Amino acid sequence: MSTVPKRFEILLVSEHVEDRGGASVEDSAVRSAVVEATGRHGASGYPIYEGHGIVADIDPETRTVEALLVDGRELDYGLTALVRTAARG
């Protein structure tokens with residue numbers, strides 16, 4: 001039986017940046033948030049994670065964002081969501 005992670009960090013990054021000045025994609029995120037499992041599942045069937053204005057259905061196995069709301073709205077065109085393991089804190 002697999003264990004569903006309790007938290008992830010979601011990074012919102014611009015898809016179309018020509019020069020990041022040596023910064024990694026993760027370091028040039030326009031917004032980031034640590035989201036925590038709610039214990040509920042979304043319409044996608046995957047666990048819902050919430051935090052800091054972000055609500056996301058995340059496939060914990062592949063770390064794919066299946067659904068996402070930022071401050072109650074869909075993600076703007078030109079932005080993409082990346083998922084990484086949240087630092088313990």
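Where a number appears in this text, it was derived from the coordinates with a stated rule and is not lab data. The model shown is predicted, which means the values in this text are computed figures rather than measured ones. Glycine also receives a Cβ, built like all others from the backbone with ideal geometry; neighbour counts cover every protein chain displayed.
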Item to check | Within the chain, longest stretch free of exposed GluC sites (Glu not before Pro) [DSSP loop, at most 11 other beta carbons within 10 Å] | outcome: 19-60
Next on the checklist: Taking amide H atoms as placed 1.01 Å from N in the peptide plane, list the residues 5 or more away in sequence, or in a different chain, whose amide H sits under 5 Å from that of Ile58.
Outcome noted: Tyr49, Glu66
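What percent do you get for the relative contact order of region 25-85 when only Cα pairs under 8 Å and 6+ apart count?
It rounds to 21 percent for region 25-85.
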Checklist entry - What would the Debye formula give as log10 I(q)/I(0) at q = 0.10, 0.13, 0.16, 0.17 Å⁻¹ for the alpha-carbon point model of region 1-87, no solvent? => result -0.24, -0.41, -0.60, -0.67
Checklist outcome for this item: In debye to the nearest 20, the charge dipole size for the chain, taken about the Cα centre with +1 at each Lys and Arg Cβ and -1 at each Asp and Glu Cβ, equals 400
Item to check | For region 34-47, Karplus couplings with θ = phi - 60° (6.51, -1.76, 1.60), whole Hz, Gly/Pro x | outcome: 8, 10, 10, 4, 9, x, 9, 10, x, 4, 6, x, 9, x
